[in-house]
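Structure record follows, encoded as structure tokens.
The values are calculated or read from the model by the stated rules, or taken from the named source; none is laboratory data. Predicted model, so just to flag it, every value in this text is computed and none were measured. All Cβ positions, glycine included, derive from the backbone under ideal geometry; neighbour counts span all protein chains shown. Accessible surface areas use protein heavy atoms only, side chains included; no ligands, DNA or RNA. Shrake-Rupley method; radii C 1.70, N 1.55, O 1.52, S 1.80 Å.
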There are 2 protein chains.
Amino acid sequence: MSDITMIEAAARRLKGHARRTPLLSSPFLDDLAGRRVLVKAECLQHTGSFKFRGAWNALSALEPAGVIAFSSGNHAQGVALAARLKGIAAVIVMPADAPAIKIDNTRALGAEVVLYDRATEDRDAIGERLAAERGLTLVKPFDMAEVIAGQGTAGLEIAEQAAEEGVSAADVLVCCGGGGLTSGVALALEARAPGLRARPVEPEGFDDVTRSLATGQVQRNPRLSGSICDAIVTPQPGQLTWPIMARLCGPGLVVSEEQALKAMALAHDRLKIVLEPGGAVALAAALFAPDLPDTVIALATGGNVDRAMMARALSL
Amino acid sequence: MSDITMIEAAARRLKGHARRTPLLSSPFLDDLAGRRVLVKAECLQHTGSFKFRGAWNALSALEPAGVIAFSSGNHAQGVALAARLKGIAAVIVMPADAPAIKIDNTRALGAEVVLYDRATEDRDAIGERLAAERGLTLVKPFDMAEVIAGQGTAGLEIAEQAAEEGVSAADVLVCCGGGGLTSGVALALEARAPGLRARPVEPEGFDDVTRSLATGQVQRNPRLSGSICDAIVTPQPGQLTWPIMARLCGPGLVVSEEQALKAMALAHDRLKIVLEPGGAVALAAALFAPDLPDTVIALATGGNVDRAMMARALSL
């Protein structure tokens, strides 16, 4: 079971290894939103997303001889760098049609990339075979207690930083895929800043967590491709993350792709940070959603965007 | 005279008001440069540049009834926000042909903008008249002891952050205009991290400080316009900043505009921060200059870039 004790243990493990990311703000964004907007810049974390937190905690807690992960994105880079810093082997299993830049980046971080054909090969079977042959431990992207606890350390920092800013009541908006970060942050806030409430934010058409919270039942996304917010598109809430979100999280929020792109451009102009679309949805909600409280804290969860997508956001 | 005592007094005044900006890094940049590159992200400071430090310190130390400044850029925004937070009047004198966005931004921060015609009007005369009529105190962009001390607080933070990273010897590369930041950082390092040496970095064709250091005599720039690094183009080293730089700074470095644009794009890709060309020259030197030590710390001094210029950097 994930709880505050695990998150505090994770924080001790991450100290001196993960960055304590800053809480940014801009009077221009406050004026635009009509409320106070604080932005937790997790794009400045190692490898450009919060994923390093969970990866580092899992590797530190489990002390595996080597690790394996399925990912072509932020989780892959987080696991690869954590393994490199720990001096252990990392195998990352990716579809052969993943963008070359993502494959290259993961290799450059020292990981071995194993490609598979989505049409003809079974990813899980490949993973199980490799894990058994080489004694590798699977690091899941969200549905794993050590990963949830690692992501929850961002929530501990938010609790401290909000107190420093004199904020005792706010909605904390979290870009949400499988819910590892959202549930970890929610647990941390429950224990350390009970006036702060975690709320997941998702892109239109991929709002499984928002619909799950609204209905009280796990809902699935009808499709899993075709979003520019690919970093946070998952089939449904996780088995471990869902009960935590159901108990602790406020209603979900949904933003359009255009709002995510506008938030990227405004983060560029006013905060001087680089966000990917999936890492900008919480800021988009903070800026554009109606009926929010006077103070909101948005997690800017990732900045791994290619130049063409950023140019598109800046041209709107 | 500017000294470490003034910088430490400034640090006490800035505490809780200016941001302690993070020291960022990326294994990709280290590999590219062939050395360890640490980046002090002053673009994440309030108003998007280090200028807020000097402005806040000057206003805190002098306690003026109101302030006046000549600037169309980062200094204007720093002074405007500091004055707004202090609850005093700020008048910013700008050329009438300054970009509309800069005028709008400065007004949005609560300052009164007074425009003058570069061809027919005398800026200093306008400033003197306004200062006398309204009892305003002039805040100079660099050649003012309180401003140098405020900028020097970035050097105190670098000394602390380098020690946290285990770095006791390095070149500290500073984007250099009139030398307020460079001289303040040099004084802080002399006192708190004597193994770290400040070196100014300038764009080709506007390398007055580099040539001044090489010759031991103050040199002027032959022209003052036509650089994309406009934020750091000044006629010559300041009367207060030059003796400090002459005594403490290592040789200057010069980078091309193309190198500055490439550094902007790499900061986007790998550090997830937004830099303006003049704020990227130190990173450009860290990445592309020959004959640097194994560890360099680059100040990324500002991120106030328009979208078109960023798109240009990303398209290289």
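Numerical summary
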item	result
Amide H contacts of A:Val172 (H built 1.01 Å from N, under 5 Å, at least 5 apart or other chain)	A:Arg197, A:Ala198, A:Arg199, A:Ile297
Cβ neighbours within 10 Å from other chains - mean over B:25-34	2
³J(HN,Hα), Karplus 6.51/-1.76/1.60, whole Hz, each residue of the stretch A:124-131, x for Gly, Pro	5, 5, 4, x, 5, 4, 4, 4
Amide H contacts of A:Ile68 (H built 1.01 Å from N, under 5 Å, at least 5 apart or other chain)	A:Val91, A:Thr137, A:Leu138, A:Val139
Label-point gap, in nm, between A:Asp124 and B:Leu248 - each point 7 angstrom along Cα→Cβ	6.2 nm
For the stretch B:62-191, fraction of C-alpha pairs farther apart than 19 Å, in %	56 percent
Rotational relation A to B, axis-closest Cβ in chain A, residue and distance rounded to whole Å	A:Ala311, 2
Interface size B-A, as summed buried accessible area [1.4 Å probe, Å², nearest 100]	2700 Å²
Length released on extending from B:Asp294 to B:Arg107, taking residue separation times 0.36 nm less the Cα-Cα span	62.9 nm
Pair B:Glu165, B:Arg84: separation of 7 Å Cα→Cβ label points (nm)	3.2 nm
Amide hydrogen neighbours beyond the local backbone of A:Val255, cut-off 5 Å, H modeled	A:Glu202, A:Glu204
Peptides ranked, highest mean first, by Cβ atoms within 10 Å: ranges A:180-188, B:15-23	A:180-188, B:15-23
Shape call, the protein assembly as shown: gyration tensor on alpha carbons, a/c limit 1.5	prolate
GNM top mover of A:Gly177, A:Gly155, A:Gly135 - chain A, alpha-carbon springs below 10 Å	A:Gly135
For residues of B:39-47, the mean tally of beta carbons on other chains within 10 Å	3
Those trypsin sites (Lys or Arg not before Pro) in the stretch B:131-234 that DSSP places in a loop and that have at most 15 other beta carbons within 10 Å	B:Arg220, B:Arg223
GNM top mover of B:Ala284, B:Ala260, B:Ala61 - chain B, alpha-carbon springs below 10 Å	B:Ala61
Protein accessible area in the stretch A:26-77, 1.4 Å probe - carbon and sulfur %	47 percent
When each of A:Lys15/B:Lys102; A:Lys51/B:Lys102; A:Lys86/B:Lys51; B:Lys102/B:Lys272; A:Lys40/B:Lys51 is checked by Cα-Cα distance, pairs over 32 Å	A:Lys15/B:Lys102; A:Lys51/B:Lys102; A:Lys86/B:Lys51
Whole-Hz couplings from phi, Karplus 6.51/-1.76/1.60, listed for the stretch B:238-252; x for Gly and Pro	x, 5, 7, 7, 4, x, 5, 5, 4, 7, 10, 8, x, x, x
Prolate/oblate/rounded label for chain A (Cα gyration tensor, a/c 1.5)	prolate
Inter-chain Cβ neighbour average for residues A:262-273, partner chain, 10 Å	5
Within a Gaussian network of chain B (alpha carbon springs, distance under 10 Å), most fluctuating of B:Leu261, B:Leu224, B:Leu81	B:Leu224
Burial ranking of peptide ranges A:53-60, A:162-169 (average Cβ count within 10 Å, highest at the top)	A:53-60, A:162-169
Inter-probe distance in nm under a simple model that places probes 7 Å from Cα toward Cβ, at B:Asp31 and A:Arg223	3.5 nm
Cα gyration tensor shape of the stretch A:1-124, rounded if a/c is under 1.5, else prolate or oblate by comparing a/b with b/c	oblate
Most to least packed among B:119-131, B:298-310 [average Cβ atoms within 10 Å]	B:298-310, B:119-131
